[in-house]
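Note sheet for the following structure.
The values are calculated or read from the model by the stated rules, or taken from the named source; none is laboratory data. Since we're looking at a predicted model, the values are computed, not measured. FYI the Cβ positions are ideal-geometry reconstructions off the backbone, even for glycines, and counts take in every protein chain you see. When the accessible area is computed, the model is the full protein with side chains, heavy atoms only, and any ligands, DNA or RNA have been set aside. Shrake-Rupley method; radii C 1.70, N 1.55, O 1.52, S 1.80 Å.
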Amino acid sequence: VVIVGNSAEQGYHQTRQENVPGDIVAYDAKTGKFLWKFHVIPRPGEVGHETWENDAWKYSGNMASWAPAAADPQRGLVYLVTNASTYQFYTGHRPGHNLFGGSVIALDVKTGQRKWHFQVHHSEQWNYDIPTAPILMDLTVNGKKIPALIQNTKQGLIFVLHRETGVPVFPVEERPVPTDGVPGEVLSPTQPFPVKPAPL
């Protein structure tokens, strides 16, 4: 299965809030037949749609997987990371956590169904989108072998997730952050911070 994103004008060079969503699509590697599409900006009835307040999902775009993906053939999962929506540097027109922006998403390679997601940055607006592919490796924690996904971020934070469930291997805390943005902006009052490993 060939899994790709799409190409759109970057969300921080635009002069408007509308853009094409960076949906993830898959094709049969042998025949080229279209297999599935995953909406990075959830439609009504889809998981995460409620995180787009004021119907911002209708016009928001970009939010693509621009960093490389990672795959676990044994589990039939592909892991993709995403950036922010348009317009990236101002959230007043897209209040809410804006899933699946700033997230690691695990998709079933055959169906495109979301197995789990983990948002490393709510309502991303500071160009803190995920810049690197997830690292897949087995870790031994307290004597137990764990299939892990390790995600580095631009902030130097390192998230370690169970790659079958998306549950953090080490605790992640929602910590208060400043909310004094420019007038009209809607900032999340908390952001996730992993307790360990220590940030780079």
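Projecting the Cα atoms of His117, Thr15, Ala70 onto the charge dipole of the chain (Cβ charges, centred on the Cα centre) puts Ala70 farthest toward the positive pole.
The gain in end-to-end length when the Val177 to Tyr90 segment is fully stretched comes to 29.7 nm, 0.36 nm per residue minus the alpha carbon separation. Summing Cβ point charges (Lys, Arg +1; Asp, Glu -1) relative to the Cα centre of the chain gives a dipole of roughly 660 debye.
Over all orientations, the stretch 70-200 has a Cα convex hull whose mean projected area works out to 8.3 square nanometres.
Taking Cα centre as origin and charging only the Cβ of basic (Lys, Arg, +1) and acidic (Asp, Glu, -1) residues, the dipole magnitude of the stretch 150-200 rounds to 240 debye.
Please identify every one of the chymotrypsin sites (Phe, Trp or Tyr not before Pro) in the stretch 68-104 that sits in a loop by DSSP and has no more than 16 other beta carbons within 10 Å of its own beta carbon.
Of the chymotrypsin sites (Phe, Trp or Tyr not before Pro), the ones in loops of the stretch 68-104 whose Cβ has at most 16 other Cβ atoms within 10 Å are Phe89, Tyr90.
Accessible surface of the stretch 29-160, 1.4 Å probe: 53 percent of it comes from carbon and sulfur atoms.
For the cross-link pairs Lys110/Lys154; Lys30/Lys110; Lys37/Lys144; Lys30/Lys145; Lys30/Lys154; Lys115/Lys196, which exceed 26 Å when the distance is taken from alpha carbon to alpha carbon? Violating the 26 Å Cα-Cα cut-off are Lys110/Lys154; Lys37/Lys144; Lys30/Lys145; Lys30/Lys154.
Where in the stretch 42-132 are there GluC sites (Glu not before Pro) that are in a DSSP coil and have at most 15 other Cβ atoms within 10 angstrom of their Cβ?
Hits after loop and neighbour filter: Glu46.
By the Cα gyration tensor, the stretch 16-68 has an equivalent ellipsoid whose semi-axes, rounded to whole angstrom, run 25, 13, 9 from largest to smallest.
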